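This report refers to the structure that appears directly beneath it.
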Amino acid sequence: MSDATLRGQRIVGAVTVYKTPDDLAEGLRRAREHGFRRLDVVMPYPIHGIDHLLDRKPSKLGIVALIAGLTGTALAKSFQWWASAIDYPLNIGGKPLFSWQAFMPVTFEFMVLFTAIMTTIGMIAIFNRLPSYNSALLASKFIPELTTDKFGVVIDARDPMFDTETIRSVLGGNGSIGIDLLYAQPERTTPITRTGSPGFVILLAIVAIGAIVTTRIVVRYTGEIPPWNAMKYQSRLNSQAVSPVFADGFGMRRPVEGTVARDHIPYAYANDPEGAGENLVNPIPLTAENLERGKDQYGVYCLPCHGVLGDGRMTLTSAYPKPPTLHSNKVRDWSDGRIYHVIMTGQNAMPSYASQIRETDRWRVIHYVRALQRSRNAPERDVQ
Ligand code: HEC
């Protein structure tokens, strides 16, 4: 009668301990030849070829990594697309709003981050089923040796061939230095070491302070060592300083003669308000949609000065010159082109809004200004 049954404990396995990796491999081979299938090994370090002897299938962790990587990629791309093209469209250097090449670095980082986190969690929680606070193996009297310089073959008691006598005869001898039976351990739900113990907290604090000091030193001093100092001491142009590169002493170059920036078509009537008034025609049809957009842009750019109704009641404080009403006969008689001219070049105290409002939106704003004017001066037929 074994000790286990005497103590009323269930046997969950047996471990045979060997001195060298070769003995372990030989023991494994013999165990497999005798038909044992629920085998495992416990070793102080990984040994090549053991997976093969255990007949283990390749880990499925790669699939977890693949799914995590693809998820990270999709999330990063779609978030950047949403942020840059949908939620807050921002024209950067005339590139398309969704410029996938520009979004690649963040996408790559996100893919790596997701893969790393999910692979770690997957390995620990899903494949190794950790944290697990009790293992029959940890209670074995051989565990100190098995974690330093000995090698063990573990046979699970659920193996149909499991029988202590067979194990002794098959795995005993041949370099084995002992066989230990593994007993089911009482359930343990808390870690053996307490993470809240003062020693552990002090250790954490020392590690944290050490990391901070080391980082500080590295960041502070490596920048001065070649080649890492290359960026700091590169030849460059200081602003407001004479450039030694170009004969005229300027660092910045003028654009090539005749250069037209995207969406900045040269304005032909810059000094010719009358010409603008006579020749420019509103190309945007008067529709509810265009009027709505015009109202929106008026609200953003014109309203603070010209007021909600265009009557010059500013929402700004009086520090700014009070603009005239847009309901004057003068402005009502102006053509759309003449108002367009004011938006393009500004007028006295009013600055130009050409760089802030898109070409098509300027005309929409004018439609809205017309609507405001009509609201005060509705012709007879509007009220009938
Ligand atoms: C920063 C304040 C400010 C903003 C914003 C502003 N304006 Fe003006 N605007 C003025 C002032 C001040 C004048 C009077 C300029 C002058 O003395 O000739 C004026 C004049 C005008 C005039 C000519 C009126 C006249 O009787 O000569 C028009 C038309 C006009 N603005 C339209 C607009 C439109 C359209 C917008 C929006 C795109 C706009 N303004 C935005 C301050 C502003």
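The values are calculated or read from the model by the stated rules, or taken from the named source; none is laboratory data. Bear in mind the structure is a predicted one, so any value in this text is a computation, not a measurement. Quick reminder, even Gly has a Cβ in these numbers, built from the backbone with ideal geometry, and neighbours come from all protein chains shown.
Would you point out which residue out of G251, G277 is within 16 Å of the ligand (Cβ to nearest atom) and surrounded by 14 or more Cβ atoms within 10 Å (Cβ to Cβ)? From the options G251, G277, the qualifying one is G277.
For the stretch 299-339, the candidate set comprises residues that are modelled with pLDDT of 90 or more and touching a His at 6+ places or on another chain (Cβ under 7 Å); within that set, the residue that is farthest from P351 (Cα to Cα) is D311. Within the stretch 196-238, the residues that satisfy the criterion of being outside any helix (DSSP H, G or I) and aliphatic (A, V, I, L, M) are I225, A230, M231, L237.
Looking across the stretch 290-304, the residues that are surrounded by fewer than 17 Cβ atoms within 10 Å (Cβ to Cβ), farther than 14 Å from R370 by Cα and either near the ligand (Cβ under 7 Å from one of its atoms) or of a type in the set (D, E, K, R) (or both) come down to D296, P304. Candidates in the stretch 92-147 are the residues that are of a type in the set (A, V, I, L, M) and part of a loop (DSSP other than H, G, I, E, B); of these, the one that is farthest from A74 (Cα to Cα) is L130. All conditions but one from (1) on the phi < 0 side of the Ramachandran plot; (2) more than 43 Å from the chain's Cα centre (by Cα); (3) more than 8 Å from the ligand (Cβ to nearest atom); (4) buried (at least 19 other Cβ atoms within 10 Å of the Cβ) apply to S335; the one that does not is (4).
Checking each residue of the stretch 74-88 against the condition of being among the hydrophobic types (A, V, I, L, M, F, W, C), assigned to a helix (DSSP H, G or I) and crowded, with 18+ Cβ neighbours inside 10 Å gives at least one match.
Just one of (1) within 30 Å of G35 (Cβ to Cβ); (2) of a type in the set (S, T, Y); (3) modelled with pLDDT of 85 or more fails for T71. It is (1).
Select from the stretch 112-135 the residues that are hydroxyl-bearing (S, T, Y) and closer than 17 Å to K60 by Cβ and write down the one among them that is modelled with the highest pLDDT. By that ranking, first place goes to T115. Residues considered: Y301, Y269, Y233. Of these, the only one that is hydroxyl-bearing (S, T, Y) and more than 38 Å from the chain's Cα centre (by Cα) is Y269.
The set of residues in the stretch 10-22 being outside any strand (DSSP E or B) and either farther than 14 Å from I179 by Cα or of a type in the set (A, V, I, L, M) (or both) consists of R10, T20, P21, D22.
Considering only the stretch 82-99, I want to know if a residue exists there that is modelled with pLDDT under 95, farther than 15 Å from V153 by Cα and among the charged types (D, E, K, R). Scanning the stretch 82-99, I find at least one residue that is modelled with pLDDT under 95, farther than 15 Å from V153 by Cα and among the charged types (D, E, K, R), so the answer is yes.
Residues of the stretch 311-332 that are small (G, A, S), in contact with a Leu (Cβ under 9 Å, 6 or more places away or on another chain) and near the ligand (Cβ under 7 Å from one of its atoms): none at all.
Residues in the stretch 349-358: is at least one modelled with pLDDT under 95, more than 10 Å from the ligand (Cβ to nearest atom) and of a type in the set (V, I, T)? Within the stretch 349-358, not a single residue is modelled with pLDDT under 95, more than 10 Å from the ligand (Cβ to nearest atom) and of a type in the set (V, I, T).
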